[in-house]
Amino acid sequence: MLFKLSSVVATALATASLASASAINLEQRQAPAAACTFVVNPSGTPDPSAKLFSEWNYILGRNLANFVPAGTTINNGNSSVTGPDGAGLYTVEQTIAADALTTAEAIAVVTGWVGTTFNGPWSGVTWTFQSVTC
């Protein structure tokens, strides 16, 4: 009987430990998405048939994925793209989140992209980040 009681206590302690560890990870995974605005400069005129919102969903999701472990879910929203403005710049609005990052960590990643250039897979241009605000 004493052996069974100690097994029950050990199992209860292990379960409590896993539950508390899961709560921390779950809190991080459920961090709210950051609403961000990206001002970008294309290297030329984007292909008019390219769906820029789709291109930006890909660019932002793919590049955020480089900062998290393989298999991590990226929870970005859909992009809204406007432009070009009078200076030839485009504005991209999108929410940014990944299961392995807190909101602050996701913001730190994307705001660090200012000055960085990414290839547009469908538009035929490269995009340089002029500013990022979240």
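Solvent-accessible area of THR111, probe 1.4 Å, all protein chains present, reported in Å² to the nearest ten, please.
Near enough 50 Å² of accessible area.
If you count only protein heavy atoms and use a 1.4 Å probe, how large is the accessible surface of CYS134, to the nearest 10 Å²?
70
How much of ASP47 can a 1.4 Å solvent probe reach, expressed as accessible area in Å² and rounded to 10?
For ASP47, solvent-accessible area is about 60 Å².
Rank ILE107, ILE96 by accessible area, highest first, at a 1.4 Å probe radius? List each step's numbers first, then the result.
On the way: ILE107 50, ILE96 0 Å².
Reading off the accessible areas and sorting them downward yields ILE107, ILE96.
The values are calculated or read from the model by the stated rules, or taken from the named source; none is laboratory data. Computed from a prediction, not measured in an experiment: that's the story for all the values here. Each accessible area value is taken on the protein alone, full model and side chains, heavy atoms only, with ligands, DNA and RNA left out. Shrake-Rupley method; radii C 1.70, N 1.55, O 1.52, S 1.80 Å.
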